Structures are given as C-alpha cells and as structure tokens.
Amino acid sequence: MPAVSKRSVLPGFNLSLGFTLAYLSLIVLIPLSAAFIRTAGMSWSDFVAAVASPRVVASYKVSFGISLLAALTNAFFGFIVAWVLVRYTFPGRRVVDALVDLPFALPTAVAGVALCALYARNGWIGQWLDPIWAHFVQGLSATIPWIDWPSWLGTKLAYDRPGIFIALTFIGLPFVVRTLQPILAELEPELEEAAATLGANRWQTMTKVIFPELLPALITGFALAFARGVGEYGSVVFIAGNQPRHSEITPLLIITKLEQYDYRGATAIAVVMLVASFLLLLLINLLQKWSRRYYRI
C-alpha cells in the first residue's frame, strides 16, 4: 500500500519554510560564506602570518579574556539582580527593572562616551576610584613582584584594560538578567517552603533546589553576554585606550586593517573570530545539554 503522508493542520509550511531558508541565506549564510571564500584565496603561509602575528594574538587575548571575565561577573551579579527583581517588592522596582534594558536601547557609542565621562581620572566616579585602583595595583606589585600586575590589570580605569571590562560588563548584564527572570518567575515559593519544612537551611535550599533549576538559563545568559562581549566595538573603543598589544580588541584591529586596505588580512582575522564563536557556542550548547541531563531538568 502506498504510504500516506501526514499533512499538518497548519497551512503554508512549504511557503514559510522557503521564505525562512531564503531569508537566512541572504542575511546569514551568504555573508559568512563570502568571508570564507575570500580567505580561501590566501596561501596557508599568508593566512598564518595574518592571524598569528604578535599584535593579533595579543588582541585575541584581550577580547576573549576580558569578555570571559566580564561574562562571569555578569553571571554572578545578574543572578542577584534577577532574584531581587522577581522575589522582592520595593519602591521603584519597575524603574530598576526598566534600567536593566538601558544597555539594549542606548547606542553603543553613547555608552562608551558616557562611561569615559564617568570613569576617567577627572570623571564623577573616576576621580575617586582611579587613585584607589592605582594604589591597589601597586600593592599587588609589591606583594607579588614576579607578576607584571600593571601590564595585566592596568594602572587606571579608563583608557586601559579595566575600561574594557567596565564596558563589557555594562553591555552584558541585561542578557543574564532577562534570561533568568522568566525562570525565576515560574519557580513557586512553595518549593523553598517545602525544603525548609524538610529541614534544609537557606544555603541548602539555594544550592539543592533553586540553583539546579536555574543553571541552564544561567549558562545561556553567560553565553549571550560572552558572545556579545567578544564582538563588541562601539562602547569599548572609546574607553579602551586602544594600545597595540595591550588594550586593543580584535574588532578594532579588523577595522584598522580595513582602513589600511588590507582586506585579506581583515577577512582572515574575521574568519578566525567566526570559527572561535562557532566552537564556543557548540561548547556552551553541550554544557547546557549536560546540565539538563545531570540535574534532570
């Protein structure tokens, strides 16, 4: 007997699928393929020279290292912000909740200029914190002299590596908060009450009951903040100082090579960043899958 095809009750599948594939091809696949095709015209030695020079490698370390640190910071403080916004009622809560979305709405260049005005040595916050930060770095250098702390941490907040961290933390926080908020809102307070009834203290309730439910969402928010930080340009370029091999991010280096008409070199670096992003997303998806299976979510 001939096989009977099952038709969906929702019409327009073929048309909508074709539109989806065409749209994704035009917006995502074709531009990404063009980058790989342009790089394929380079010889292997030219490609390695373009993507593995000391200046480029230093920019990788700055972009990925500080983005990772900022994403971890956002994962910790974003959890606290989401918890407070969901579990507590206080005057001005809606205003605070709206302010979380400010980095989404604010143009990145405006954010960079605003952060510079705040954290520069003559800024509202920088005039107080910048001397404290410099004293802290000097104290570390005196306590642990075999590590070049001024090179790693910078000696000032704005126009150095700490400025990059501040900018990436600013633009990455909403990803963690908005990812955790729906999951926290769905968790009934009765779960905590039941755990307390069974003899669990607050720490056990948080680690054994609440945190396993939030772990996949927390990993997702961390991944989004990290991916945004790696590719961020506008808010970072104003506050980073842009010193080659010290505070120069990879997106800025790509722009620099384009301004120097080194299109192949810029495309080669872009391909490396693209492949690294794909690998990181794959790793994060595997971690999410493992967390769901391990905690049986």
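Each value in this text was obtained by applying a stated rule to the coordinates, not by laboratory testing. As the structure is a computational prediction, the values presented were derived from the model and not from experiment. Counting neighbours? That spans all protein chains shown, and the Cβs are built from the backbone with ideal geometry, glycine included.
Observations on the structure shown:
- For the chain, hydrophobic long helices are taken as DSSP H runs at least 24 Å long by C-alpha position along their axis with mean Kyte-Doolittle hydropathy of 0.0 or more; these are 54-87, 126-143, 161-186, 211-231, 263-294.
- One entry in (i) 0.97; (ii) 0.94; (iii) 1.05 is Rg/Rh (Cα atoms, Kirkwood Rh) calculated from the shown coordinates; its label is (iii).
- Length added when fully stretched, ALA105-ILE30, from 0.36 nm per residue minus Cα-Cα: 24.2 nm
- Placing a pseudo-label 7 Å from each Cα along the Cα-to-Cβ vector at ARG38 and LEU287 gives an inter-label distance of 3.1 nm.
- Computed over neighbours whose Cβ is under 11 Å from that of ARG245, the net charge equals +1, Lys and Arg +1, Asp and Glu -1.
- Check: region 1-154 dipole with +1 on Lys, Arg Cβ and -1 on Asp, Glu Cβ, in debye: 480
- Inter-probe distance in nm under a simple model that places probes 7 Å from Cα toward Cβ, at LEU72 and THR89: 3.9
- Stokes-Einstein diffusion coefficient of region 207-297, Kirkwood radius over Cα pairs, 4 °C, 1.567 mPa s, in µm²/s: 84
- Using the Cβ-Cβ distance between PHE136 and LEU279 with R0 set to 30 Å, the FRET efficiency from 1/(1 + (r/R0)^6) comes to roughly 0.30.
- Of LEU191, LEU274, LEU214, the one that fluctuates the most in a GNM where the chain has Cα springs shorter than 10 Å: LEU191
- Its DSSP H runs of at least 4 residues, each contributing -39,500 (n - 2.57), put the calculated 222 nm mean residue ellipticity of the chain at -23500 deg cm²/dmol, to the nearest 500.
- Cα centroid of region 61-117 to Cα centroid of region 146-194, whole Å: 7
- Net charge in the neighbourhood of GLY172 (other residues with Cβ under 9 Å of its Cβ; Lys, Arg +1, Asp, Glu -1) is 0.
- The equivalent ellipsoid of region 148-278 has semi-axes of 41, 18, 11 Å, largest first, where each one is the square root of 5 times an eigenvalue of the Cα gyration tensor.
- Cβ-based charge dipole, the chain, positive-most Cα from ALA276, ILE37, PHE175: ILE37
- Difference of contour (0.36 nm per residue) and Cα-Cα distance, ARG202 to TYR233: 7.0 nm
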